[in-house]
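The values are calculated or read from the model by the stated rules, or taken from the named source; none is laboratory data. Everything numeric in this text was worked out from a predicted model, so none of it was measured. Reconstructed Cβ throughout: ideal geometry from the backbone, glycine too, with neighbour counts over all protein chains shown. Remember, those area values only see protein heavy atoms, side chains included, never the ligands or the DNA or RNA. Shrake-Rupley method; radii C 1.70, N 1.55, O 1.52, S 1.80 Å.
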Amino acid sequence: ILNGVANVAYLKQSAAFIGSAVAMTEARRATVGHQLEKRYSATSSNGNASFRGENDGPDADSQNDLKEKEQHEVTVRSAFCHRVTVWVLKSRGGGLQIPPSLSFRQSLWTAFGAFVGLLVLSSLNEYYKLLSDEEFFLLIGPFGALMTLQYGLTGAPASQPRNAVMGQAVAGAISLAFTHIPESTLPTWLRTAVGPAIGIAAMVKVGVVHPPAGAHAVLYASGKYSFVYYSLVVLSTAISVIPATLVNNMSQKRQYPTYWGVPNWVQDLFHCKQKETKKTEN
């Protein structure tokens with residue numbers, strides 16, 4: 001199916017469109033940067049011209065020092081104005097087109113997938129409560145964001161299994177670690193901001209960005225949930241990949257995941273075992 005004529009043509013057109021969009025973005029950035037450089041150069045030239053004059057006389061040294069000081073102040077002021085101008089221009093937006101919405105059929109497919117995914121998670125929640133005699137349950141709220149990613153943005157990096165599972169593991173563990181600091185040292189209101197912030201930064205650094213993990217990290221930082229809740233969330237996230245893979249790949253216009261993120265040495269080991277098995281069969 002993936003190598004069909006229609007699919008190959010669609011992929012070629014998509015690649016051409018993406019290349020055009022990237023080229024337009026780079027051209028716009030270069031134009032804006034050139035305009036800002038011209039403004040900055042003009043401002044600097046005016047500042048330098050205003051301080052030109054005679055340096056002859058007994059107080060030439062003191063006048064030069066005063067002019068250098070004033071020129072430095074003008075340069076700092078110009079640099080500050082330049083940064084503010086850049087900030088304002090960037091805040092106005094990049095001028096790119098709004099992404100197109102999904103078709104009605106794909107929207108229905110998203111609704112069906114989200115229903116199946118949440119049904120699985122809700123069933124797991126009931127099972128967890130049954131096993132623990134209502135002591136533990138699944139923090140299911142942030143999983144709504146996971147359903148949006150898995151069935152609404154199937155190709156996004158944040159939707160992939162590697163980001164989902166590892167993002168939850170990294171951000172949750174860091175946020176939980178802050179709950180062991182006494183409240184006299186780190187109050188709850190401050191911990192709720194510090195723990196998730198560092199957890200999100202760690203996700204970004206490791207390369208496993210996952211928005212629902214940031215939401216769960218805020219819940220963990222409150223100190224109301226133990227390591228058991230964290231374990232249930234990570235386990236349920238891994239389980240949610242199964243219905244997402246089954247449902248999305250039933251559609252001809254979807255593919256999930258786009259990558260599993262398995263390390264190369266694991267893939268090499270798997271391929272070696274496959275080759276050995278084929279040799280044994282032959």
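Assorted remarks:
- The 1.4 Å probe gives accessible areas that order Val204, Val228, Val241, largest first, as Val204, Val228, Val241.
- Size of segment 123-277 from its Cα atoms: along the principal axes, largest to smallest, the extents are 59, 35, 32 Å.
- In this view, the solvent-accessible surface of Phe115, computed with a 1.4 Å probe and all protein chains in place, comes to about 120 Å².
- Here Gln71 and Ile181 are evaluated by their C-beta separation; at R0 = 41 Å the FRET efficiency comes out at 0.25.
- Accessible area of segment 152-251 divided out per residue, in Å², using a probe of 1.4 angstrom: 43
- Area accessible to solvent at Phe178, 1.4 Å probe radius, in Å²: 40
- The 3J(HN,Hα) values that the Karplus relation (6.51, -1.76, 1.60; θ = phi - 60°) gives for segment 210-227 are, in residue order, 8, x, x, 5, x, 5, 5, 4, 5, 5, 4, 5, 5, x, 8, 10, 8, 5 Hz. Gly and Pro appear as x.
- Cα centroid separation, segment 93-147 to segment 193-253 (Å): 12
- Nearest-10 value in Å² for the accessible area of Leu139, using the 1.4 Å probe: 10
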